[in-house]
1. How about the stretch 244-277: which of its residues are part of a helix (DSSP H, G or I) and touching a residue at least 40 places away in the same chain (Cβ under 8 Å)?
2. I need the full set of residues from the stretch 24-51 which are part of a strand (DSSP E or B) and either modelled with pLDDT under 95 or under 23 Å from Cys258 (Cβ atoms) (or both), in order please.
3. Name the pairs whose Cβ atoms lie under 9 Å apart, with the first residue in the stretch 137-149 and assigned to a helix (DSSP H, G or I), the second small (Gly, Ala, Ser) and at pLDDT 95 or above, and 6 or more positions between them or separate chains?
4. Restricting to the stretch 52-79, give me the number of residues that are in a helix (DSSP H, G or I), over 22 Å from Ala114 (Cα atoms) and not hydrophobic (A, V, I, L, M, F, W, C).
5. Please enumerate the residues belonging to the stretch 146-173 that are over 12 Å from Glu77 (Cβ atoms), out of contact with any strand residue (DSSP E or B) (no Cβ under 7 Å at 6 or more places or on another chain) and either crowded, with 17+ Cβ neighbours inside 10 Å or aromatic (Phe, Trp, Tyr) (or both).
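The values are calculated or read from the model by the stated rules, or taken from the named source; none is laboratory data. Since the structure is predicted, the reported quantities are computational estimates derived from the model, not experimental observations. In this analysis, Cβ positions are derived from the backbone assuming ideal geometry, glycine residues included, and neighbour counts consider all displayed protein chains.
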Amino acid sequence: MAMAAAPASAATSSADLPEGMTASYIVVDQETGTVSASDEHKQYRSASLVKLFIALDYLESHGPDYEIPADDLALLEPMLRSSNDDAASTLWVRDGWDEIVKRMVTTIGLTDTAPPTARGKWGYTAISAADIAKTYQYILHDANPKYRDFIMGNLAQSTKCGSDGFDQSFGLPSAVPGPKAVKQGWSGFGAAPAPGQECTGTNARTLRVLNSPEVKAATAVASSGEGTLGAKSAFSAQDIDLTSRAMHTSGTVGANNCKIVVVLTLEPTTLSWQDSASRITQLTQDVFFQSAL
């Protein structure tokens, strides 16, 4: 039940954007087949949305009868729930670096997604709103039900605070009522929140300390790319903005994951985390409720 590239029921939507914001979005109503979207094939750097690919590739490479070891659960769960970067780096290196993205492109049939040329910078993977929506549809309808339940079950337990101390409750978690399974992404805001903006409470630090030799070795050679923004040459042919601040929200809404929502944004480097979070939350609310009209 994978989403077609241009379904007949698709309707182009538009929402007023705040000054300086670049945005693409898509809302897929899985009950009616209606798709509301704007610039959904525009490419963005993935930030942590690539963790969907990392988790799905891990599960598919091991097979449905594989019992995930406790040590791997300590990587997968905080990566999906609290966007833990060290966990992502560890699985990225272990499972083939950029080959993970290449496999997912082939498996899911993605058209706008490409691995980073700088293979260690997993957060520089190219994505689009359409491809992330298609990824959710694959997980929900085409992947083995065990993979679906694992990924969506963890996304439904998304924590308010990310492992890095940023508040990841922007976008879908704050904009839309009802049950949700959410994966967020952000890039360009620095390695830690600005003073006074730290998120405190439940996060991956309370789950388990990732302190193994494998994790240390992986994080020495792979990362989200944070701290190296502006390295345009790392993408060569991919014309993706690595300078603006990126903030993405994605996931499903409803008890039966009835709607898939993906909103990808870029903001000026002068805009604070809190302002960016407020702007994408308002846009997500507008897009979601506009799609229901």
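1. Passing the criteria: Trp273, Gln274, Ser276, Ala277.
2. Passing the criteria: Ser24, Tyr25, Ile26, Val27, Val28, Asp29, Val35, Ser36, Ala37, Ser38.
3. Note: pairs meeting the criteria are Tyr138/Gly109; Tyr147/Ala55.
4. Selection size over the stretch 52-79: 5.
5. Those that are over 12 Å from Glu77 (Cβ atoms), out of contact with any strand residue (DSSP E or B) (no Cβ under 7 Å at 6 or more places or on another chain) and either crowded, with 17+ Cβ neighbours inside 10 Å or aromatic (Phe, Trp, Tyr) (or both): Tyr147, Arg148, Gly162, Asp164, Ser169.
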